[in-house]
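Participant: A single structure is presented below for examination.
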Amino acid sequence: MNKLSINLDNALDFIDSGRLERYDQQTKDIIRKLEYNSNDPEAFLGWLNLPDEIEESKINEINETAKNFSGNLDTVVVIGIGGSYLGAKAVIDALSPFFKARDNNPEILFAGQNIDEDYHYELRQLLDEREYGIVVISKSGTTTEPGIAFRILREHLEDKVGREEASNRIIAITDASKGALRKLASEEGYKSFVIPDNIGGRYSVLTPVGLVPIAIAGFNIRGLIEGAGEMRKQTLSDVPYNENPASQYAAVRNELYQKGKAIELMGVYNLKLFYFMEWWKQLYGESEGKDLKGIFPTIAQFTTDLHSIGQYIQEGRRILFETILSIQSTENQLTVPKSNDDTDNLNYLAGKRLHEVNLMAESGTSLAHTDGEVPNIRVSIPELDETSLGQVIYFFEKACAISGNLLEVNPFNQPGVEAYKKNMFALLGKPGFESETQKLLKRLKKQ
């Protein structure tokens, strides 16, 4: 199996190398603590050993369900928000063709990740012409955004095919025994899978939350798990620091943070990885942004964004560092053609693959940004396939857990997410929030 690699050369010049020595023992201690607590259901560490603990029977059940579920459907809508959809979308987008659904598999669409009326109205119009099913993902079943989307699409599906047939076209991924969605799934007879209690949403890609949609899309979930299992072995507590990519990444980004680099910009040069960046952004933003601490995660699609924010990166305030997720080889091949008149002066590129040009753009940009005092970390995976994506998912999850502990925050909770919800509930008149409604309305009038 080709392995993920990390190159820190363009970041180490900005760090006191002597300070990095202390991370050898510190990161080992953190990983040992994670391993020790991995069986504690209150620690939210169920993801840590998941690649080795997931049962073959569960993989078979997911694959068999995906095959039977999607057999007569041309479209499946996955309803969820945050970790309930980002991981699945990241993997599906990375492995799917750009401009069509994958052959012999339904097109995967997403809903419930926003409250945009136009989005859901136009989605419902599209589904008028489709044979579709729904995968609804929510631990409680009462989260506002997916809850609204599921109400709308469940009604639409039942009107379209009847309540009995609709129940065969809905999969619920939810709590094992409680919550509104679990109750509804039991009453309506939906096929269901369990969201483990000891795994938070943003760490849930390798649970049914991610695996069911990915399997329905036709991809090899065993490969994904195997890749994650390989990375788990590379990041255990007995692996030396200089051989452990997760420890190195966590340590270097923490040192850069101590040097005032409070923004981490993830960049990719392959458009299929855009939603992988979105998944990474949630993972690190929700895990680290607490107690007035944390590196702010943001993303850029290169080379596109070099023509928009590239100037700021190169010569703006020196408050950020970059992490580039690089793909070393691609399956498709396309070369730059030769022109007889060469009016665009591009014949020097004739015969070169676009992937080669892209890699040289990546390397040249990295050198330019480093010269401009922007530290640069490169995480490379060999190709876009399931095993590589499994490796990089587990790598970032493990590094995030280490990094959060280095910052002395809890990387597995997200108390701040509730603040906007309370205000929204009060403004919408949700029962139990009436006492706050008038206060918020007065504040809004002053704006």
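Every residue, every condition in (1) in contact (Cβ under 8 Å) with a residue 60 or more places away in the chain; (2) more than 24 Å from the chain's Cα centre (by Cα); (3) not assigned by TED's automatic domain parsing to the domain that holds Lys422, yes or no:
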{"residue": "Glu117", "(1), (2), (3)": "no, yes, yes"}
{"residue": "His120", "(1), (2), (3)": "no, no, yes"}
{"residue": "Leu127", "(1), (2), (3)": "no, yes, yes"}
{"residue": "Ser138", "(1), (2), (3)": "no, no, yes"}
{"residue": "Thr142", "(1), (2), (3)": "no, no, yes"}
{"residue": "Glu145", "(1), (2), (3)": "yes, no, yes"}
{"residue": "Leu153", "(1), (2), (3)": "yes, yes, yes"}
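Participant: Does any residue of the range 254-268 turn out to be touching a helix residue (DSSP H, G or I) at 6+ places or on another chain (Cβ under 8 Å) and among the hydroxyl-bearing types (Ser, Thr, Tyr)?
Facilitator: The answer is no, given that none of the residues of the range 254-268 is touching a helix residue (DSSP H, G or I) at 6+ places or on another chain (Cβ under 8 Å) and among the hydroxyl-bearing types (Ser, Thr, Tyr).
Participant: Being at negative phi, polar (S, T, N, Q), in contact with a strand residue (DSSP E or B) (Cβ under 8 Å, 6 or more places away or on another chain) and surrounded by fewer than 16 Cβ atoms within 10 Å (Cβ to Cβ), is that true of even one residue in the range 264-286? Outline the logic, then answer.
Facilitator: Initially, the range 264-286 is screened for residues at negative phi, giving 264-286.
Imposing the further condition that a residue be polar (S, T, N, Q) reduces the set to 270, 282.
Filter again for in contact with a strand residue (DSSP E or B) (Cβ under 8 Å, 6 or more places away or on another chain), leaving 270.
Imposing the further condition that a residue be surrounded by fewer than 16 Cβ atoms within 10 Å (Cβ to Cβ) reduces the set to none.
Taking every residue of the range 264-286 in turn, none turns out to be at negative phi, polar (S, T, N, Q), in contact with a strand residue (DSSP E or B) (Cβ under 8 Å, 6 or more places away or on another chain) and surrounded by fewer than 16 Cβ atoms within 10 Å (Cβ to Cβ).
Participant: Under 7 Å between Cβ atoms, which residue pairs at least 6 apart in sequence (or on different chains) link something in the range 299-316 that is in the same structural domain as Ser366 (by TED's automatic domain parsing) with a partner that is surrounded by fewer than 17 Cβ atoms within 10 Å (Cβ to Cβ) and outside any helix (DSSP H, G or I)?
Facilitator: From residues that are in the same structural domain as Ser366 (by TED's automatic domain parsing), the pairs are Ala300/Ile309; Gln314/Gly372; Glu315/Gly372.
Participant: Of all residues in the range 383-419 being surrounded by fewer than 17 Cβ atoms within 10 Å (Cβ to Cβ) and within 22 Å of the chain's Cα centre (by Cα), which is nearest to Thr303 (Cα to Cα)?
Facilitator: Initial filter on the range 383-419 (surrounded by fewer than 17 Cβ atoms within 10 Å (Cβ to Cβ)): 383, 408, 410, 413, 415-419.
Next, only the ones that are within 22 Å of the chain's Cα centre (by Cα) stay: 383, 410, 413, 415-418.
Values: Glu383: 19, Asn410: 35, Asn413: 35, Pro415: 36, Gly416: 34, Val417: 33, Glu418: 36 Å.
Ranking the qualifying residues of the range 383-419, first place goes to Glu383.
Participant: Same structure, new question: Determine, yes or no, whether Asn345 is free of Cβ contacts under 8 Å to residues at least 12 places away in the same chain, under 27 Å from Pro97 (Cβ atoms) and not assigned by TED's automatic domain parsing to the domain that holds Pro97.
Facilitator: On the way: free of Cβ contacts under 8 Å to residues at least 12 places away in the same chain: yes; under 27 Å from Pro97 (Cβ atoms): no; not assigned by TED's automatic domain parsing to the domain that holds Pro97: yes.
No: the conditions fail for Asn345.
Participant: Here is a further query. Considering every residue within the range 155-173, establish whether at least one is crowded, with 16+ Cβ neighbours inside 10 Å, assigned by TED's automatic domain parsing to the domain that holds Gly83, farther than 20 Å from Gly71 by Cα and touching a Pro at 6+ places or on another chain (Cβ under 9 Å).
Facilitator: No, that holds for no residue.
Participant: Which condition from (1) part of a loop (DSSP other than H, G, I, E, B); (2) in contact (Cβ under 8 Å) with a residue 40 or more places away in the chain; (3) over 30 Å from Glu35 (Cβ atoms) is the one that Gly46 breaks?
Facilitator: Exception for Gly46: condition (3).
Participant: Now for a different question. Name the one entry in Glu255, Glu226 that is assigned to a helix (DSSP H, G or I), among the acidic types (Asp, Glu) and crowded, with 21+ Cβ neighbours inside 10 Å. First the steps, then the outcome.
Facilitator: Working: Glu226 fails: crowded, with 21+ Cβ neighbours inside 10 Å.
Exactly one residue qualifies, and that residue is Glu255.
Participant: A follow-up question, please. Which residue pairs have Cβ atoms closer than 6 Å, lie 6 or more positions apart in sequence or on different chains, and pair a first residue in the range 410-434 that is at pLDDT below 70 with a second residue that is of a type outside the set (Lys, Arg)?
Facilitator: Once the first residue is at pLDDT below 70 and sits in the range 410-434, its partners that are of a type outside the set (Lys, Arg) give Ala426/Phe433; Ala426/Glu436; Ala426/Thr437; Ala426/Leu440; Leu427/Leu440.
Participant: Then there is this: Looking only at residues that are touching a helix residue (DSSP H, G or I) at 6+ places or on another chain (Cβ under 7 Å) and in contact (Cβ under 8 Å) with a residue 24 or more places away in the chain in the range 321-342, which one is farthest from Glu383 (Cα to Cα)?
Facilitator: Step one: list which residues in the range 321-342 are touching a helix residue (DSSP H, G or I) at 6+ places or on another chain (Cβ under 7 Å), which gives 321-322, 324-326, 330, 334, 336, 338-339.
Now drop any that are not in contact (Cβ under 8 Å) with a residue 24 or more places away in the chain, which leaves 321-322, 324-326, 330.
Working: Phe321: 25, Glu322: 21, Ile324: 15, Leu325: 11, Ser326: 9, Thr330: 6 Å.
Only one residue fits best here, namely Phe321.
Participant: Of all residues in the range 289-312, which are aromatic (Phe, Trp, Tyr) and in a strand (DSSP E or B)? Walk me through it before giving the result.
Facilitator: Within the range 289-312, the first condition is being aromatic (Phe, Trp, Tyr), and the residues that meet it are 296, 302, 312.
Correct list: Phe296 only.
Participant: Going by the conditions given, is Glu322 within 22 Å of Phe14 (Cα to Cα), of a type in the set (D, E, K, R) and part of a strand (DSSP E or B)?
Facilitator: Details: within 22 Å of Phe14 (Cα to Cα): yes; of a type in the set (D, E, K, R): yes; part of a strand (DSSP E or B): yes.
Answer is yes for this residue.
Participant: Another question, if that's okay. Quick one: is Asp13 exposed (fewer than 15 other Cβ atoms within 10 Å of the Cβ), in contact (Cβ under 8 Å) with a residue 24 or more places away in the chain, assigned by TED's automatic domain parsing to the domain that holds Gln301 and at negative phi?
Facilitator: On the way: exposed (fewer than 15 other Cβ atoms within 10 Å of the Cβ): yes; in contact (Cβ under 8 Å) with a residue 24 or more places away in the chain: yes; assigned by TED's automatic domain parsing to the domain that holds Gln301: yes; at negative phi: yes.
Considered against the rule, which asks whether it is exposed (fewer than 15 other Cβ atoms within 10 Å of the Cβ), in contact (Cβ under 8 Å) with a residue 24 or more places away in the chain, assigned by TED's automatic domain parsing to the domain that holds Gln301 and at negative phi, Asp13 comes out as yes.
Participant: Take the range 94-109 and flag every residue that is within 23 Å of Gly71 (Cβ to Cβ) and in contact with a helix residue (DSSP H, G or I) (Cβ under 6 Å, 6 or more places away or on another chain). Steps first, answer last, please.
Facilitator: Step one: filter the range 94-109 for residues within 23 Å of Gly71 (Cβ to Cβ), giving 95-97, 100-109.
Once the filter is applied, which keeps residues that are within 23 Å of Gly71 (Cβ to Cβ) and in contact with a helix residue (DSSP H, G or I) (Cβ under 6 Å, 6 or more places away or on another chain), the range 94-109 yields Pro106, Ile108.
The values are calculated or read from the model by the stated rules, or taken from the named source; none is laboratory data. These figures come from a predicted structure and were not determined experimentally. Note that each Cβ is placed from the backbone with ideal geometry, even for glycine, and that neighbours are counted across all protein chains shown.
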